[in-house]
Amino acid sequence: MKGLFRSPADSWFRELTRLVLVGLFTLAAADKLLHFDGFITAIGSYQILPAQAERFAAVFIIMAEFAIALGLLTKRWRPAACLASVLLLTTFTAVYLATDPEKVCGCWFTLTLNTGGPVHILQNLVFIGLSVLTWLDSRSPSPSRAFHPSHLQKAIQPQRRNPTTEDLDR
């Protein structure tokens, strides 16, 4: 059994959490890209980066959000995308808390063109929780389970050959 959600009835919840995260990061990145200059202004309002680095940070955040969304769509990259999601959302939350929360928030630029508030922190915590749940579900089995004695028994059993015509002549 693999991951956190084990029963078929839970598969809808697993897919829903993953698709919510895919939608979140895709829409957030697209919104920031469509309103790129405004997003740079929002980054500047936090006053934690030099003005020359704001454009680079904006491009990096947009690319990271698109990469996370794409990673969540593939089984191979899902665990890394979940961890990147937690890291990015935790960074956003820490920056938001460390600076003046009354500044323009760049989370969803067109939706939050006004000041931020506790709702943004709660929103990030919920998405961090969804990312952790998705990561727990997508983990590969631990090495101790991969080398369970039942697996070893199959590996050391002699393999039976199908008799060939030469074997029958003997």
In this structure, does Asp31 turn out to be of a type in the set (Asp, Glu) and over 20 Å from the mean Cα position of the chain (by Cα)? no
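Please verify whether segment 102-110 includes one or more residues that are under 28 Å from Leu16 (Cα atoms) and modelled with pLDDT of 75 or more. Please lay out each step first, then the result.
Of segment 102-110, the ones under 28 Å from Leu16 (Cα atoms) are 105-110.
Now drop any that are not modelled with pLDDT of 75 or more, which leaves none.
No, the conditions are met nowhere in segment 102-110.
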Quick one: which helices (runs of 4 or more DSSP H) sit completely within segment 5-99 and have at least 2 residues that are polar (S, T, N, Q)? 11-34, 36-45, 78-98
Could you list all residues from segment 26-39 that are small (Gly, Ala, Ser) and either open to solvent by less than 20 Å² (accessible area, probe 1.4 Å) or touching a residue at least 60 places away in the same chain (Cβ under 8 Å) (or both)? Ala28, Ala29, Gly38
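Working only within segment 10-25, note down all residues that are touching an Asp or Glu at 6+ places or on another chain (Cβ under 7 Å) and either open to solvent by less than 30 Å² (accessible area, probe 1.4 Å) or of a type in the set (Phe, Trp, Tyr) (or both).
Phe25
Kindly indicate whether Ala42 is surrounded by 16 or more Cβ atoms within 10 Å (Cβ to Cβ) and modelled with pLDDT of 95 or more.
For Ala42, the condition - surrounded by 16 or more Cβ atoms within 10 Å (Cβ to Cβ) and modelled with pLDDT of 95 or more - is not met.
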What about Ile62, is it surrounded by 15 or more Cβ atoms within 10 Å (Cβ to Cβ), farther than 19 Å from Asn124 by Cβ and among the aliphatic types (A, V, I, L, M)? no
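The values are calculated or read from the model by the stated rules, or taken from the named source; none is laboratory data. Remember, predicted model here, so these are calculated numbers, not experimental data. Don't worry about glycine lacking a Cβ; one is built from the backbone with ideal geometry, like all the others, and counts go over all protein chains shown. Protein only, heavy atoms only, side chains kept; ligands, DNA and RNA dropped before computing areas. Shrake-Rupley method; radii C 1.70, N 1.55, O 1.52, S 1.80 Å.
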